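To start, the structure under review is shown below, and the notes come after it.
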Amino acid sequence: MGKTKELSQDLRVRIVDLHKAGMGYKKISKVLDVKVTTIGAIIRKFKEYNMTINRPRPGAPKKISPRGVAMMLRTVRNRPATTRQELANDLKAAGTTVCKETIGNTLRNNGFTSCSARKVPLLKGAHVEARLKYANDHLKDEPSYWEKVLWSDETKIELFGLNSTRHVWRKKNAAYDPKNTVPTVKHGGGSIMFWGCFSAKGTGLLHRITGKMDRAMYRTILRDNLLPSARDLKMGRGWVFQHDNDPKHTAKATKDWLKKNHIKVMEWPSQSPDLNPIENLWRELKVRVAKRQPTNLRDLERICKEEWAKIPPGVCAKLVVNYNKRLTAVLANKGFATKY
């Protein structure tokens, strides 16, 4: 049984004053609408301790000993995916039987929260080492260096992507009112692949990829979109092109084309989307597109290009100016994935 609500000090004083005035327990109970047993307990407390203030109540003793709590905390620090049932089994083997709810409450009281594990790229030892090298090599670069980088990537945008998780305000039993539902279709209703680029000065061109992209198509995309974007963004001399280590990007023919066009390419650590700020712009684009709710793929392509061009240059500049924070986060996490 849980603790009962304690009476206020003012009410306790009134009970004691009425008792001193000669009023009986039942009459006090009737006047103040307080149980007779409570009246008696307060009067006895006053006579014994000569006090009416609330005294601390210890409550029920802890079901898990400090040693058991320490064991639980050590386990979840070493193995965060440990379930409450596994912890209950460990405690039972040590002589303590508790329910899973008690274990959950104990962990929360010690600062742990049950959350979905974040999905990140698989990083092997070589990947971690390359990420650390990249971060160390560029940590002291001035913001002016990053302003000369033209970032690029590909992404898939679904017709009903972000809309499928929309939140609504509704009343009870109104879950299936058409206004409170989101229509879904198989495979997201179709999707479009895009190639895009940006720099600190703003977004470049956004190109729809039709069919399966191969090495030849990628070089065509670079020819028709990368060079015009660099001119439109006034990258000037000495700008650097960034793309990841996809086989189409690192193919000999692609490297030859980049060299022939005098384009300097940044050395890039594999499995590092968190180091590419264009990922943040893709998210920005998808949110903007979802708000406009395209109904078919033709609308989707048009809206994507319109919204990509509308992204303020200030948003792009902020991503680049703060780039060193990404490098610091990689070093702080010993080369593993970061929040970016």
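Helix 125-138 versus the longest principal axis of the chain: what is the Cα-based angle in degrees, 0 to 90, to the nearest 10? Between the helix axis and the principal axis of the chain, the angle is about 80 degrees. Normalised by the number of residues in the chain, the mean separation of alpha-carbon contacts (under 8 Å, six or more apart) gives a relative contact order of 19 percent.
Charged side chains reduced to their Cβ positions (Lys and Arg at +1, Asp and Glu at -1) give the stretch 195-274 a dipole of some 380 debye around its Cα centre. Helix 297-310 axis versus longest C-alpha principal axis of the chain: approximately 90°, rounded to the nearest ten.
Put a plus charge on the Cβ of each Lys and Arg, a minus charge on the Cβ of each Asp and Glu, and nothing anywhere else: the dipole of the chain about its Cα centre is then about 1480 debye. Taking amide hydrogens as placed 1.01 Å from N in the peptide plane, the amide H of Leu205 sits under 5 Å from those of Cys197, Ser229, each at least 5 positions away in sequence or on another chain.
As an equivalent ellipsoid, the stretch 262-340 spans semi-axes of 29, 15, 13 angstrom, where each value is the square root of five times an eigenvalue of the C-alpha gyration tensor, largest first. Ordering Thr295, Pro277, Asn261 by Cα displacement along the dipole of the stretch 249-297 toward the positive end leaves Thr295 in first place; charges were set at the Cβ atoms of Lys, Arg (+1) and Asp, Glu (-1).
Ignoring ligands, DNA and RNA, what accessible area per residue does the chain give at 1.4 Å, in Å²? Show your work: numbers first, answer last.
Numbers: 22200 Å² over 340 residues.
Here the per-residue accessible area is 65 Å².
Fully extending the segment from Arg118 to Lys133 would add 3.0 nm, taking 0.36 nm per residue of separation and subtracting the current Cα-Cα distance. Ordering Thr83, Leu122, Thr96 by the projection of their Cα atoms onto the charge dipole of the stretch 51-150, which places +1 on the Cβ of Lys and Arg and -1 on the Cβ of Asp and Glu, puts Thr96 at the extreme positive end. Relative to the longest principal axis of the Cα atoms of the chain, the long axis of helix 100-109 makes an angle of roughly 80 degrees.
Within the chain, what percent of beta bridges assigned by DSSP are antiparallel, to the nearest 5? Rounded to the nearest five, the antiparallel share is 75 percent. Could you check the simple spin-label distance between Lys100 and Met193, using points 7 Å along Cα→Cβ, in nm with one decimal? Spacing of the two 7 Å Cα→Cβ label points: 4.2 nm. Can you pull the percent of the stretch 194-278's accessible area that's carbon plus sulfur, 1.4 Å probe, other chains left in place? Reported share for carbon and sulfur atoms: 50 percent. Among the listed values (1) 32, 23, 21; (2) 38, 25, 16; (3) 64, 27, 21, the one computed from these coordinates for semi-axes √(5λ) of the Cα gyration tensor in Å is (3). Full extension of the segment from Lys156 to Leu11, taken as 0.36 nm per residue of separation minus the current Cα-Cα distance, would add 45.5 nm.
Can you give the Kirkwood hydrodynamic radius of the stretch 65-148 from its Cα pairs, in Å with one decimal? Let's see the in-between values first.
Details: mean 1/r = 0.0614 Å⁻¹.
Averaging 1/r across every pair of different Cα atoms and inverting gives 16.3 Å.
In the chain, which longest range has no GluC sites (Glu not before Pro) that are both DSSP loop (not H, G, I, E or B) and surrounded by at most 13 other Cβ atoms within 10 Å?
Details: sites that count: Glu6, Glu267.
In the chain, the maximal stretch lacking such sites is 7-266.
Working from label points 7 Å from Cα in the Cα-to-Cβ sense, the Asp256 to Lys234 distance is 3.7 nm.
The values are calculated or read from the model by the stated rules, or taken from the named source; none is laboratory data. For clarity, every value in this text was computed on a predicted model and none was experimentally measured. Methodologically, a virtual Cβ is constructed for each residue, glycine included, from the backbone with ideal geometry; neighbour enumeration extends over all protein chains shown. Surface accessibility is based on the protein's heavy atoms, side chains included, excluding ligands, DNA and RNA. Shrake-Rupley method; radii C 1.70, N 1.55, O 1.52, S 1.80 Å.
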